[in-house]
Amino acid sequence: MSLSFVHPALAWGLLAALVPLVIHLFFRRRPRPTPFPAIDFILRARRETERRLRLKKLLLFAARTLLVAAIAAALARPRIQRPEEAAAAVARGPSAVAIVLDASASMSYRLRGSALFERARADALSALDELSGEEPATAVVCGGPAVPVALPPTFDKAAVRRALSEAEPTAGYADMTACVGAAVRALSDPGTGETAAGRPALSSIGKRVVVATDLTASAWRLDAPPPMVQTAQGPQRPEVTLLDAARGAALPNLAVTQLTAEPDPNVGPRGFRVTAAVVSRGGAHAPEASPSARERGAGPGGEGDVELQLHAGPPQAPVAIRSYARVQEGGAARKTLSYRFAQGGPAALSVTLSPGDALDLDDARVVSVIVPRDVKALVVNGVPSPVRYRDQAFFVEAALSSPASPVRPTVLDAEALGKARFADYDVVFLLNVRSLGPKAAELRDFVEKGGGLFLAVGDEVDPDLYDAEMGALLPRPLHVLKTAAERGAPGAGARAARFAEVDWSHPALEIFSGSAREGFEGVRTWKYMLLKPVERKSPGERVLVSYDDGAPALVEARRGQGRVMLYTSTVDRSWSDWTIRTSFLPVVQRMAAWLSGGLEERRDAPSVVNAPRAIAVGEGEKLLAVVGPDGRERPSSALHRVAGGAPTLAPDRPGLWQVKVEERGQARLDPRLAFAVLPDPRESDTSRLDPQELTAYFGGATHAHMANDKPTGDRTIPLWSILLVLGIAAFLGEGLLLA
């Protein structure tokens with residue numbers, strides 16, 4: 001151990017401790033003795049009293065001397081150093097110092113009641129205070145979406161202190177390797193060094209980097225070349241001092257790393273199956289590292305159970321469902337929950353850990369969903385039949401009315417169609433209807449304004465009459481009937497037409513994958529209507545399904561704002577067996593949702609913190625602001641704008657972000673534009689890097705060292721604070737002695 005002073009010049013103030021002694025000697029009197037026999041008895045009593053007071057005077061003199069000496073010594077800020085640290089300080093001499101402060105999301109981790117960022121900032125400020133007046137400094141706060149540009153070192157320590165004091169932790173990822181590289185580049189700049197009287201030029205002093213961080217492994221890229229200071233003599237390794245904010249402690253963390261929400265027909269038409277993944281990282285969940293870890297054993301499953309809360313909305317919404325998942329140390333668990341919404345439209349689902357752990361930024365995830373709205377469908381039965389399986393409307397109505405369907409069908413025959421209003425419905429099914437007559441114009445207006453139309457042919461359909469009445473709506477004109485095989489005839493099943501070319505990317509068909517496609521590709525068709533060839537496709541025309549001879553089976557086209565879908569066979573068992581296949585029910589339901597516009601409302605993939613995201617509002621809407629999970633509005637004027645593109649925002653916090661728009665003079669939050677922002681998964685991995693591995697990366701013990709890598713609970717107390725305590729004790733003691 002060795003004793004040194006941060007401000008050795010102030011050590012001369014110790015001479016002030018001689019002031020009480022000088023005052024005592026100056027006012028000391030030596031009276032001449034005068035014999036007086038009459039008062040000898042009184043003098044003997046007085047001497048007894050003086051012997052008792054002499055000790056009190058000595059204590060008073062010592063207290064005053066200690067008070068002055070302690071204050072003077074504290075101003076010089078003495079400290080005790082280990083022999084190797086003191087030797088390094090003597091050998092190093094003055095240096096230009098770059099202080100790198102880690103402000104990434106993992107620095108919000110709370111250890112023993114305080115955030116790691118607060119500890120790291122205190123370490124950085126302490127390192128700044130320990131610099132001598134001949135050592136310039138600069139600060140690099142690392143935690144934004146881009147690597148910061150470090151300013152050259154300056155002798156204005158107040159500006160550097162202000163930059164460190166005003167820094168705040170972020171929710172983003174920090175590339176500490178890149179940030180240290182930026183700090184080293186600032187030290188390498190030869191043209192910005194400022195000199196003053198008695199101060200050395202930057203090119204003539206050493207270069208040192210101080211890094212205050214939590215040493216999480218995900219923040220470092222040790223496969224990159226180590227940063228080198230560019231000097232007139234060539235590249236040189238800087239001296240690197242690492243300040244561990246965690247003081248060597250493990251940082252156990254539980255994080256919700258995945259969240260998906262898929263429609264679940266078993267729950268109902270507005271039901272969703274929610275799957276959450278919880279991962280344990282960073283080591284054992286020791287109680288001293290994370291106080292809330294003790295509480296996680298309270299679940300009904302016992303020790304290691306984690307309570308998951310499902311919210312129908314952002315994490316602040318009331319809890320909808322509680323469940324538990326067992327997560328082993330260093331492992332992961334998946335939990336599936338089900339939820340049914342009361343109504344359709346844009347919505348959000350979130351899963352949170354309860355109670356939250358030491359790093360709360362990744363304790364919740366949000367996903368935005370589109371809940372199916374009720375679709376009103378008008379099913380027009382062209383040829384009703386008392387035999388149910390020969391009635392086309394029977395199969396369509398059964399598919400649309402199933403418990404998992406969001407469609408609410410109304411069935412009419414062709415004779416009652418004249419009293420119906422197409423505008424009261426979202427989609428119309430015309431099943432083997434001979435003629436619409438005067439209703440054809442109303443139907444065309446309904447579709448062009450956004451309605452959906454599904455057409456299925458049959459024996460009653462006259463191609464020429466259809467082309468005359470609804471030629472403007474049909475994707476292609478009808479031609480003639482083709483018979484692939486007579487149903488019931490020997491070998492008819494082998495000669496029947498089959499679906500050969502299917503556009504599986506279409507929203508109505510994309511639900512089929514793998515073996516599930518067999519229920520669609522195995523459909524047998526004995527009769528179907530051929531379509532006339534056209535030289536030019538109509539707007540939005542798309543052949544979704546073709547027969548094995550190339551003839552279209554299912555064709556789609558756009559008409560105005562609406563859609564039309566034509567099926568060239570029947571939806572009963574007379575021409576085809578599709579209605580008894582497993583694929584019929586889901587396809588009919590999804591076609592109804594697609595034609596009514598329900599499947600168009602899709603959410604974009606969630607963003608990651610600090611990833612740019614374009615904010616595109618609907619027609620007739622004006623973007624006012626984007627509202628973050630914290631409730632703070634980011635006005636549209638603050639968004640990044642590119643000529644010809646939508647305004648862009650880089651969300652700085654995870655959670656549900658909402659968009660505030662103005663429509664017809666009214667400001668409101670548009671739920672269709674809400675989007676989820678996820679925490680950066682790299683910051684959830686709090687596994688720590690081995691300090692020896694990091695110091696070896698910077699050049700080993702000769703170039704890098706850990707300055708405060710002590711076990712958790714150890715605390716360094718500077719001598720100057722002890723001296724101040726002694727001074728206060730001396731002041732109080734003087735008061736007691738004078739009382």
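Where a number appears in this text, it was derived from the coordinates with a stated rule and is not lab data. What you see is a predicted model; the values in this text were computed from it and never measured. Methodologically, a virtual Cβ is constructed for each residue, glycine included, from the backbone with ideal geometry; neighbour enumeration extends over all protein chains shown.
Loop-resident GluC sites (Glu not before Pro) (DSSP state other than H, G, I, E or B) in the range 519-611 with no more than 14 further Cβ atoms inside 10 Å of their Cβ: 535. Summarising the strand pairing of the range 375-600, around 50 percent of its internal DSSP beta bridges are antiparallel. Going by the alpha-carbon gyration tensor, a ≥ b ≥ c the square roots of its eigenvalues, is the range 468-592 rounded (a/c under 1.5) or, if a/c is not under 1.5, prolate (a/b greater than b/c) versus oblate? Taking the square roots of the gyration eigenvalues as a ≥ b ≥ c, the range 468-592 is oblate. Looking at the range 607-678 alone, DSSP beta bridges between its own residues are antiparallel in about 90 percent of cases. Taken one residue at a time, the phi angles of the range 646-663 give Karplus couplings (6.51, -1.76, 1.60, θ = phi - 60°) of 6, x, 10, 10, 10, x, 9, 9, x, x, 8, 9, 10, 10, 9, 10, 10, 9 Hz. Gly and Pro are set to x. Residues whose amide H lies under 5 Å from that of residue 553, counting only those 5 or more places away or on a different chain, are 545, 546, 547; hydrogens are built 1.01 Å from N in the peptide plane. Taking the charge dipole of the range 375-600 about its Cα centre, with +1 at Lys and Arg Cβ atoms and -1 at Asp and Glu Cβ atoms, the residue from 564, 468, 523 reaching farthest to the positive side is 523.
Phi angles of the range 678-685 translate, via the Karplus equation with coefficients 6.51, -1.76, 1.60 and θ = phi - 60°, into HN-Hα couplings of 9, x, 5, x, 5, 7, 6, 8 Hz per residue; Gly and Pro are given as x. With the cut-off at 1.5 for a/c, could you classify the range 375-600 from its C-alpha gyration tensor as rounded, prolate or oblate? Note, shape of the range 375-600 comes out rounded.
In this structure, the amide hydrogen of residue 570, modeled 1.01 Å from its nitrogen in the peptide plane, lies closer than 5 angstrom to those of 575, 576, counting only residues at least 5 positions away or on a different chain.
The charge dipole of the range 375-600, taken about its Cα centre with unit charges on the Cβ of Lys, Arg, Asp and Glu (plus for the first two, minus for the last two), comes to roughly 160 debye. Placing +1 on the Cβ of every Lys and Arg and -1 on the Cβ of every Asp and Glu, with nothing else charged, gives the range 516-557 a dipole about its Cα centre of roughly 140 debye.
Classified by the C-alpha gyration tensor, the range 607-678 has an oblate form. Its axis ratio a/c, with a ≥ b ≥ c, is 1.5 or above, and a/b does not exceed b/c. Once backbone amide H atoms are built at 1.01 Å from N, residue 151 has 139 as its partners under 5 Å, excluding neighbours fewer than 5 places away on the same chain.
A cut-off under 10 angstrom between Cβ atoms defines the neighbours of residue 131, and their net charge, with Lys, Arg +1 and Asp, Glu -1, is -2.
Within the range 522-555, the trypsin sites (Lys or Arg not before Pro) that combine a DSSP coil assignment with at most 15 other C-beta atoms in a 10 angstrom radius are 536, 537. Rounded to the nearest Hz, the phi-derived 3J(HN,Hα) couplings of the range 371-384 under the Karplus curve 6.51 cos²θ - 1.76 cosθ + 1.60 (θ = phi - 60°) are 7, x, 8, 5, 10, 8, 10, 9, 9, 9, 8, x, 9, x, where x marks glycine and proline.
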